[in-house]
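See below for the structure under consideration.
The values are calculated or read from the model by the stated rules, or taken from the named source; none is laboratory data. Source: prediction; values computed, not measured. Methodologically, a virtual Cβ is constructed for each residue, glycine included, from the backbone with ideal geometry; neighbour enumeration extends over all protein chains shown. In case anyone asks, the SASA skips ligands and DNA or RNA and just uses the protein heavy atoms, side chains included. Shrake-Rupley method; radii C 1.70, N 1.55, O 1.52, S 1.80 Å.
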Amino acid sequence: MSQTKDFAYWRHLAEGLQIEGRALIDGEFTAAASGKTFDCISPIDGKLLTQVAWCGEADVDHTVAIARQRFESGVWSDLNPRQRKEIMLRWAELIRVHADEIALLETLDAGKPIGDTTTVDVPGAAYTVQWYAEAIDKAGGEVAPVDYHLVGLVTRQPIGVVAAVVPWNFPILMAAWKFGPALAAGNSVILKPSEKSPLSALRVAQLALEAGIPPGVFNVLPGFGDTGKLLALHMDVDCLAFTGSTFVGKQLMQHSGQSNLKRVWLELGGKSPNIIMPDCPDMARAARSAAGAIFYNMGEMCTAGSRLLVHRSVKDEFIKALIAEAAAYKPGNPLDPATSMGAIVDHIQLERVMSYIETGKGEATLLLGGGRTLTETGGYYIEPTIFDVASQEARVAAEEIFGPVLSVITFDTLDEAIALANASEYGLAAAIWTADLTTAHEAARRLRAGTVWVNCYDEGGDMNFPFGGFKQSGNGRDKSLHALDKYTELKSTLIRLR
Ligand code: NAD
């Protein structure tokens, strides 16, 4: 009989959990050369989970040298893609076998509801590894048209040593969007998880070894921004794949320019508009979706629909429905499968979000929430919060908060809605709800965003769609076959026959 995975099950599993906090270098769990560690605190209750290695210059230099040597040796890069595929498929399966443990690590470390880590984050990471494994032995090159006396080949080769620096909101999934295609393409990878959520990456990388990825091909160096900066400035890292804030993304481009012009790929912030037209075909669904767009994952989402643009004629009705739907996101213990809203990742982020809420109270009308909650737990919880904003200039409406805070902005015409939507430094995602085909297509064209949803929000969980941003939301794309472009160099080879 299968076991019921209730609150008691997860608490029991958490009590017996062995947590690894050392770096994974050349196939071995290793303390930082300096011996330095940092505290890994659970946002569920503010208690210490473990100490984690804080990798510094010696670790970065050593690991880059190992990764380079493994790349040059061909133990991974020169395998027939079919062999890499087989190993990565085994790895995906191992992630699935250990899914409960990895989901639990993610929930304890980042405060995400266990109902989400078991259904989205961990299966999503396994699927990413599987998808790129399955793709890699189908991706060939081209024979280019050329003079009769020549043969011209256009091929893609792995780029070499890839550093991946990732955030904490979907720790293992964001990492998998980098290491999946980078490893499938034959590179060596050094992953720097966020200091706020380093644990799942260490376990998943250990499973890569178990699956057969040779030691030193996939390494994990925990640490803060200083560790990421060392990788970004390193002369022997060929590519830096980053997901995180626009602020840090700008620094990384400079680090590339100051060092070896390594390729820098950036998946950055967002302040995504969700437009409700008066002919929205299903107001109830749109309200449910608008609540999910900002309150799912505690609003810690780069694609969060944090600006709700509502037509004046439907505003009152829509806000009423939205507030009713927000009730589904009641903060609770993330280990309880009934919980749909967990803890904010740490006290720094908690204070940042609360400070925005205080600012919002001075510049907008508070419609819902606005406070911390469950303080008796010692954890970091914030109520779903909604502001009615008179002008999009208000800081809560203009800046990325990365928390459960929604700004409602009123408009009168489609042109005004599009102008408001595009009046942002970001361009990650956007949505519009309308029954009119022409409005839908025109808006989709005019919205300056990497992803546009029509009559839905956050759909498209499979790997087929490239994901990334216009403007200061970044460059390059994760997911889909296009992601392989980031981790390969194009080569033209011309052979003279006579
Ligand atoms: P962050 O930029 O503070 O940190 C991201 C990573 O960079 C962490 O691993 C951090 O340790 C490291 N880092 C920090 N300073 C660094 C430096 N100077 N040099 C090198 N590395 C450094 O972002 P965060 O708070 O972890 O994540 C939230 C941000 O990520 C939000 O802006 C969000 O929109 C963005 N995000 C974007 C996407 C996307 O796909 N576009 C997805 C998820 C999150």
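Where helices (runs of 4 or more DSSP H) sit wholly within segment 78-193, those with at least 3 residues that are surrounded by fewer than 24 Cβ atoms within 10 Å (Cβ to Cβ) occupy 81-97, 99-110, 122-136. The single condition among (1) assigned to a helix (DSSP H, G or I); (2) farther than 25 Å from S34 by Cα; (3) touching a Pro at 6+ places or on another chain (Cβ under 8 Å) that S200 does not meet is (2). Each residue in segment 203-224 was checked for being open to solvent by 30 Å² or more (accessible area, probe 1.4 Å), over 26 Å from Q254 (Cβ atoms) and either part of a loop (DSSP other than H, G, I, E, B) or of a type in the set (V, I, T) (or both), and 2 of them qualify.
Only a single criterion out of (1) in a helix (DSSP H, G or I); (2) within 27 Å of Y381 (Cβ to Cβ) is not satisfied by Q251, namely (2). The conditions of being open to solvent by less than 50 Å² (accessible area, probe 1.4 Å) and part of a helix (DSSP H, G or I) are met by T63.
Checked against (1) under 23 Å from I432 (Cβ atoms); (2) charged (D, E, K, R); (3) surrounded by fewer than 24 Cβ atoms within 10 Å (Cβ to Cβ), R307 meets all criteria but (3). On inspection, L367 fails the criterion of being assigned to a helix (DSSP H, G or I) and in contact (Cβ under 8 Å) with a residue 24 or more places away in the chain.
Just one of the listed residues (E393, E400, E363, E325) is of a type in the set (D, E) and under 25 Å from the mean Cα position of the chain (by Cα), and it is E400. Only residues that are more than 6 Å from the ligand (Cβ to nearest atom), of a type in the set (S, T, N, Q) and part of a loop (DSSP other than H, G, I, E, B) were counted in segment 225-248, giving 0. If you go through segment 288-300 and keep only what is under 15 Å from the mean Cα position of the chain (by Cα) and open to solvent by 10 Å² or more (accessible area, probe 1.4 Å), you end up with just Y296. Flag not set for K471, criterion: closer than 21 Å to Y426 by Cβ and surrounded by 19 or more Cβ atoms within 10 Å (Cβ to Cβ). Here S197 fulfils each of the conditions (1) more than 16 Å from the ligand (Cβ to nearest atom); (2) buried (at least 24 other Cβ atoms within 10 Å of the Cβ); (3) closer than 29 Å to Q51 by Cα apart from (1).
Taking each residue of segment 248-266 that is under 17 Å from G476 (Cβ atoms) and looking for partners that are part of a strand (DSSP E or B) and of a type in the set (G, A, S) with beta-carbon atoms closer than 9 Å, six or more apart or interchain, yields G249/G474; K262/A163; R263/A241; V264/A241; W265/A241; W265/G474; L266/A241; L266/G474.
Among the criteria (1) within 26 Å of E72 (Cα to Cα); (2) hydroxyl-bearing (S, T, Y); (3) without any contact (Cβ under 8 Å) to a residue 40 or more places away in the chain, the one Y132 does not fulfil is (3).
Could you tell me whether segment 315-328 includes any residue that is open to solvent by 10 Å² or more (accessible area, probe 1.4 Å), over 25 Å from A430 (Cβ atoms), among the small types (G, A, S) and more than 16 Å from the ligand (Cβ to nearest atom)? Yes, segment 315-328 contains a residue that is open to solvent by 10 Å² or more (accessible area, probe 1.4 Å), over 25 Å from A430 (Cβ atoms), among the small types (G, A, S) and more than 16 Å from the ligand (Cβ to nearest atom).
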